[in-house]
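Asker: The structure is given below, and queries will be raised subsequently.
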Amino acid sequence: MRARPSNLRAVSDETVTMDKIVALCKRRGFVLPASEIYGGIANTYDYGHYGTLMKNNVVNAWWRSMVQLRDDVVALDSAIIQHPRTWEASGHLQGFTDPLVQCLGKCKRRFRADHLREEAIARGEDPDALVCPVCGGELSEPRDFNLMFETAIGPVRDEGSTVYLRPETAQGIFLNFKSTLQFARKKPPFGIAQVGKSFRNEITPGNFVFRMLEFSQMEMEFFVPPAEAERWHEYWMRERMEWYTRLGIREDHLRLRAHDADELSHYSTATSDVEYLYPIGWQELEGIANRGDFDLRQHAEYSREKLEYFDSGTGERYVPHVIEPAAGVDRSMLSFLCDAYDEDQQGGEKRTVLKLHPALAPVKVAVLPLVRKDGQPEVAREIYETLRERMWAEYDEGGSIGKRYRRQDEIGTPYGITVDHQTLEDRTVTLRDRDTLEQVRVAIDELPAELEHRLAAPWRSPKPQRAAA
Ligand code: GAP
């Protein structure tokens, strides 16, 4: 759940830096600081137009692979606020804490004690002789700080009214295990998948959308016969790694890292993190845990409901074990953006381009008249209006054609269509490929089929692997 930051010294050896990603996201309206007109709010971001479209694409790709293309997983959308006993049973009330230290010197800031220790070790310093990294002041003893956000139901705030914003979507799934078993007519092995917002009172700087107060998770709890747990854990590690590489993440920027025994969450018997090589180093992108029967047993005890599987064929009765691939939507977005970010030279000018998998690109095709006269805008709009029925398309007639292409490259649009003088003579247009910059002439009538064919084709990142970079 709260894995240690690993290998902080490893850095991605590329043109991409976190500052460039943050700047591009703001410039093009992917991700924006929340409440900016009031000076912003810590570790909180809004998704703008392109960010929202891309986020939907990430989530849809997850639903497709986790539910649509399978027979053994069903969907759920549970409440954010659940009965408070949920968090007693799950262990979050007692155990979902970070060790914090406060500066007793000038700046009075708070820090994660485990992060400071890890950084001291990385620098070759004594982790038991920590001082404030900002002002050098003495630090307090570490104190456990619970990450759950509290709120209250009803007009009077008393002990009985306290509820919590969920810190993970997983518990809503365990609470629905029994009802899902009944209506979905499934038997183990089967899974319940959910996407939604989770909330954590993170006090340390978040590195953009990597660590936020509210974020989206894509979690699936896969219930299996106890004897099959290890096999399914292996299976889901493979599946999830392949999901990222199928969507274009370069293999050498992705790795699986097994947790050491002292890192494991209270519920887990084994966890491996899918880690991505962000510009800030290797960091967790997704956790894949073997949760054993911890959650179902806890909720059975606290709710007094039987949470088990009874096989009427064999007469066997057991509490299933759970394998959980738990991914972050926002960290996935950040990985896809970092992996796609590239810079090159075109016609003596620097080009910034997002080489995103077409399935993730917010806009699939841009339609651009070469000039804003001679009937070109009318034909271009006609093409755009036909295409947008079938895919996310954009029409743009403002500014030079070069500038308009730069803009589309920066938002990762895989294809561009230019309407020019020849179009009005023979009803053909140029079709430009974002990655190869190859331009071919295509008849207007053939455009929808041609684009759909290209968008559905397998795609590999044209960016070099690390060893060759
Ligand atoms: N149910 C298990 C669970 O929640 P986790 O490792 O704490 O496990 C799963 O969270 C994923 O959620 C992480 O791998 C990460 O991608 C994402 N995540 C967790 N905390 C986050 C935060 N504060 N901001 C953004 N994403 C976060």
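Asker: Taking only pairs six or more apart or across chains, which ones have beta-carbon atoms under 9 Å, a first residue in segment 199-227 that is more than 20 Å from Y309 (Cβ to Cβ), and a second residue that is of a type in the set (K, R) and more than 11 Å from the ligand (Cβ to nearest atom)?
Answerer: I203/R110; I203/R112; T204/R110; T204/R112; S216/K55
Asker: Scan the strands (runs of 3 or more DSSP E) fully inside segment 392-448 and keep the ones with 2 or more residues being surrounded by 18 or more Cβ atoms within 10 Å (Cβ to Cβ). Full working, then the answer.
Answerer: Values: elements: 393-395, 415-419, 428-433, 439-443.
In segment 392-448, 393-395, 415-419, 428-433 are the strands (runs of 3 or more DSSP E) which contain 2 or more residues that are surrounded by 18 or more Cβ atoms within 10 Å (Cβ to Cβ).
Asker: I've got another one for you. Got at least one residue in segment 33-51 being in a loop (DSSP other than H, G, I, E, B) and over 23 Å from S216 (Cα atoms)? Even if it seems obvious, please write down each step before you answer.
Answerer: Filtering segment 33-51 for residues in a loop (DSSP other than H, G, I, E, B) gives 34-35, 39-44, 48.
Among the residues that remain, those that are also over 23 Å from S216 (Cα atoms) are: 39.
Checked against the condition, which is being in a loop (DSSP other than H, G, I, E, B) and over 23 Å from S216 (Cα atoms), segment 33-51 yields at least one hit.
Asker: Any residue in segment 101-118 that is in contact (Cβ under 8 Å) with a residue 24 or more places away in the chain sitting within a Cβ distance under 6 Å of a residue that is acidic (D, E)? List the pairs, counting only those 6 or more apart or interchain.
Answerer: Note: pairs meeting the criteria are L104/E138; G105/E138; R112/D98.
Asker: Name the strands (runs of 3 or more DSSP E) wholly within segment 290-338 that hold at least 1 residues that are away from the ligand (no atom under 16 Å from the Cβ) and touching a Ser or Thr at 6+ places or on another chain (Cβ under 9 Å)? Steps first, please.
Answerer: Working: elements: 309-311, 316-318, 321-328.
Ranges flagged: none.
Asker: How about segment 255-283: which of its residues are surrounded by fewer than 20 Cβ atoms within 10 Å (Cβ to Cβ) and assigned to a strand (DSSP E or B)?
Answerer: Across segment 255-283, the qualifying residues are R255, L256, R257, A258, A270, G281.
Asker: Only residues in segment 287-312 that are under 20 Å from Q82 (Cβ atoms) and aromatic (F, W, Y) count as the first member; pair them with residues that are at pLDDT 95 or above and away from the ligand (no atom under 16 Å from the Cβ), Cβ under 8 angstrom, at least 6 apart or cross-chain, and list the lot.
Answerer: Within 8 Å, the pairs are Y302/R85; Y302/E88.
Asker: Right, something else. Is it true that some residue in segment 62-71 is buried (at least 19 other Cβ atoms within 10 Å of the Cβ), at pLDDT 95 or above and either in contact with a His (Cβ under 9 Å, 6 or more places away or on another chain) or in a strand (DSSP E or B) (or both)? Break it down into steps so the answer makes sense when it comes.
Answerer: First, pick out the residues of segment 62-71 that are buried (at least 19 other Cβ atoms within 10 Å of the Cβ): 62, 66.
Imposing the further condition that a residue be at pLDDT 95 or above reduces the set to 62, 66.
Within this subset, residues satisfying the condition of being either in contact with a His (Cβ under 9 Å, 6 or more places away or on another chain) or in a strand (DSSP E or B) (or both) are none.
No, segment 62-71 contains no residue that is buried (at least 19 other Cβ atoms within 10 Å of the Cβ), at pLDDT 95 or above and either in contact with a His (Cβ under 9 Å, 6 or more places away or on another chain) or in a strand (DSSP E or B) (or both).
Asker: Against the condition under 22 Å from the mean Cα position of the chain (by Cα), buried (at least 17 other Cβ atoms within 10 Å of the Cβ) and among the β-branched types (V, I, T), how does V101 come out, does it pass?
Answerer: Here the answer is no, as V101 does not meet what is asked.
Asker: Can you tell which of E168, E202 is within 30 Å of A34 (Cβ to Cβ), at pLDDT below 95, near the ligand (Cβ under 10 Å from one of its atoms) and not hydroxyl-bearing (S, T, Y)? Break it down stepwise before answering.
Answerer: On the way: E168 fails: at pLDDT below 95.
Just a single option satisfies the conditions, and that option is E202.
Asker: Please enumerate the residues belonging to segment 397-439 that are of a type in the set (G, A, S) and touching a helix residue (DSSP H, G or I) at 6+ places or on another chain (Cβ under 7 Å). Show your work before the answer.
Answerer: Start the filter on segment 397-439 by keeping residues that are of a type in the set (G, A, S), which leaves 398-400, 402, 412, 416.
G412, G416, listed by residue number.
The values are calculated or read from the model by the stated rules, or taken from the named source; none is laboratory data. Bear in mind the structure is a predicted one, so any value in this text is a computation, not a measurement. Because the Cβ atoms are built from the backbone with ideal geometry, glycine has one as well, and the counts that use them run over all protein chains shown.
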